[in-house]
Structure formats: C-alpha cells, structure tokens
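Colleague: My structure is below; once you've seen it, I'll send some questions.
The values are calculated or read from the model by the stated rules, or taken from the named source; none is laboratory data. What you are looking at is a predicted structure, and each value in this text was computed from that prediction instead of being measured. So basically every Cβ, Gly included, is an ideal-geometry build from the backbone, and we count neighbours across all protein chains shown. Surface areas here come from the heavy atoms of the whole protein model, side chains and all, with no ligands, DNA or RNA. Shrake-Rupley method; radii C 1.70, N 1.55, O 1.52, S 1.80 Å.
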Amino acid sequence: MNASSLLLQFPPYRFLKTIRKSSLNSFCLRFLPGSAFPYGQQADLLQPHFVRRMMVSSKGLKTGWCCPATAEKQMQELSAKEQRILDKLYNGLVRGQRACLAEAITLVESTHSRKKEIAQVLLQKVLSYHREQEQLNKGKPLAFRVGLSGPPGAGKSTFIECFGKMLTERGHKVSVLAVDPSSSTSGGSLLGDKTRMTELSRDMNAYIRPSPTRGTLGGVTRTTNEVILLCEGGGYDIVLIETVGVGQSEFAVADMVDMFVLLLPPAGGDELQGIKRGIIEMADLVAVTKADGDLIVPARRIQAEYVSALKLLRKRSKVWSPKVMRISARTGEGISDMWDKMTEFRDLMLAGGELITKRRRQQKVWMWNVIQENMLDHFRSHSAVRDQIPLLEEKVVSGLLSPGLAADLLLKAFQGRA
C-alpha cells in the first residue's frame, strides 16, 4: 500500500485534497525515525538532518527530501528579546519553577499568532527534553495521566483536593488541570477551582491550573495536550485533568490520558439511565463518591448496579477489567485503596505494552485534531469565504437555502480561490 492510498483513508485528507497544489507547494509531513505510519506501517529510515517530504497535488503525492525546521533553526528566527524570554521559561520550567510553568502555559494558550509561533518553539524544546528523560527512565513514561469526569455535584473538586494532598504527602508532585466551562453568552468563565481546593493550592508540590473551554467540544481546551507536556517537563509525575460534566464529547478526554476515572454521586435518580453508555464504556475505574453518613446505603446500591452493568460491556483491555469503588473525600475512606487500584492499572498496562501503544495512538489523534481545527479556522478566515458566511447564514436562518446547499456553496468558493 503506497503513501497516497494510506492518507486517502483519513477523513481529514478528503478535505485537504480539495486544496490546489499552489497553496501546498511547501507543505511538509515530518516523520521521525521509528515513528509509525497510519495502520502500523513504519516510516522509512531517515537521515539525521533530513525528512521525507510528501507534496499534495492533483496527480497524487510527490515525495522528496527537505530539511525540517528544527528548534535550533526556529530559534534563529526569533528576536534577541524573544530568545531571552524563551530561554528563561525553558530553564525555569525544567528546574521546576512554578512561575515559569505558569508563564509557559499562558504562552501556549495565547491566540496571538506570533506568541503561538514562539510557543511551538518552546514546546519542541520541552519535547526533546522530555524524550531524553524518558530514555534515561528506560523508556517508561515520566508521568501518570488521569482524566476525571462526572456530573455536576459529583464532588470532583473535593475528591481532587483530598486525593492530591495524599499524593503530595507520599512524595509525588501533582498537577491539576481544571477545565471550566465558558459561558456561551458572554464567553466568560468563573475559573473558581482554586477557591474549592484551598489547601491543595497552597501545597508547594501541587500546581492547579484552571482553564476556560472557550466553547471547545469535549470539555477540554485545544491546548490541553500541550499543557500536559509542559507539566511533565516541569517534573510533575501525576497529572489530573478535571473535565466539564459528562457528555458524548468526553471521548476527547480519553484520547489524552492513561486512565479515565468516572466519579458518580450516590443519589442521582436512575443512575444507569442518567449516564451515557459511551462514557461508562470509556471508564477504567468508576468511583461512587460521598459514601458516608446516610448515603452509605445508596452508595452500596449504586456500586452493585454498576458492577453488574460493567460485566455486560465489551472489554477494551486484555489485562484490565474496570473496577467500581466507594469513596468518601470527607472521611478519607477508600482514597488510599483507589490509588492502589490506579497504580495496579498503570503497572499492568505498562507491563503488557498497552500503555505505550495507547500513548502513540493518542499522539496521532492529537495531530489530526489540530489539523482539523486549524483547517476550519483557515476556512472561516479565507478571503473567498469570509464575506459570504454572514449572507449565507442569513439565508439559511430565513429558510431560503438549505444548510447543505449553503455549505456546498462555501466549499466551492473556497476551492475556487484556494
């Protein structure tokens, strides 16, 4: 199977192939030595300073050799002031300075075009450092990434504070990425997670970073992956990602963590109907929260229901079956046992090779997600489309045009001027 037929199997390429050759004459796909092609095929062995170039044209793909824009080359394109800022952030980050980590995350989350370019240079340097550290660690991941999700009021923030304090007392460095929903009306976000984790926010071995979703589908921001990388570069060996509620779009969370934990309150009506089946299937561990006082009996009932429900679902791993536990962040009951189950999961997945395979797949998903988002931004801002969007939207709203026809007109205008 050649490279052209491989790429044709990817949905994003069906959109990319509509763009003319003139706009992609310098488009370069980079494959690092030993990296995997889609569907498991290995890339050609590359020379140390060159990568294979594949150019999209109406006749298919053309290949040639090109020199990648390495971090060193990109550094030369920065001004002296930008280089000083970058060096300060990178050196402070790898030394574990929280202030530099916070500044680096702010840079990565920026939507300013120049700052986004500087952020990519920083991320490339951190990625190189991260790879070196993993090699020193015998190829094992430096950090354990855990996604936490659950309906509003499930006690996610309370659990994270109790759980995080226990981990820091055991010598771990914990990073919490708390994603807050942005208002669809004002675009604002409360970012109040630090106020709900007062003790953990004062712990010098913990770092809490609330981030607005800015309307991102999935309850995770588009830069969450980059922030995870920065936290790991800063020496945090446990990364907790608290996400917005529970919905079908929470699959985005599972595509960037090692373990997906579902937190459920004990009294929420018909639990099995209230939580979407897809989310239960993604869960590696289900924890029934607030299992204390008068809620102990409902918590036991919910635990039994979920144990039965999980038996009916198809297994996703050869070495791990999802577990259901009862915990109480108020009394601390079950918190230590839950960490034991998490470490058991990590060890089994690592020994079986599934954890490394999962991370490699996530890297590929991350790349295509960024391509799709950037292509949509490029489409909206294109000169041939930008002025027509409000006119066609008005016709769709008034019923003069069907949404499908309006979309076809915009795509044709984009293709005609791309």
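Colleague: Over region 287-418, with the other protein chains present, what is the accessible area per residue in square angstrom, probe 1.4 angstrom?
Modeller: 61
Colleague: According to a simple spin-label model (label point 7 Å from Cα along Cα-to-Cβ), what is the distance in nm between residue 372 and residue 337?
Modeller: Label at residue 337, label at residue 372, 4.0 nm between them.
Colleague: Ranked from the most accessible area to the least, with a 1.4 Å probe and all protein chains present, what is the order of 209, 346, 196?
Modeller: Accessible-area ranking of 209, 346, 196, largest first: 196, 346, 209.
Colleague: 7 Å from Cα along Cα→Cβ at both residue 364 and residue 88: what's the point-to-point distance in nm?
Modeller: 4.2
Colleague: Please give the solvent-accessible surface of residue 162 in Å², to the nearest 10, using a probe radius of 1.4 Å with every protein chain present.
Modeller: My reading of the accessible area for residue 162 is about 40 Å².
Colleague: Given the convex hull of the Cα atoms of region 276-375, what is a quarter of its surface area in nm²?
Modeller: Numbers: hull surface 33.3 nm².
Mean orientational projected area (region 276-375, Cα hull): 8.3 nm².
Colleague: Another one. Distance between Cα centroids, region 285-330 to region 355-418: provide it in whole Å.
Modeller: Using only Cα atoms to place each centre, the spacing works out to 41 Å.
Colleague: Taking 0.36 nm per residue of separation and subtracting the Cα-Cα distance, what length does fully extending residue 319 through residue 111 add?
Modeller: That works out to 70.7 nm of additional length.
Colleague: Same structure, new question: At 1.4 Å probe size, put 408, 237 in order of accessible surface, largest to smallest.
Modeller: Details: 408 80, 237 45 Å².
If we order 408, 237 from most to least accessible, we get 408, 237.
Colleague: Sorting 130, 172 by accessible area (1.4 Å probe), largest first, what list results?
Modeller: Descending accessible area places them as 172, 130.
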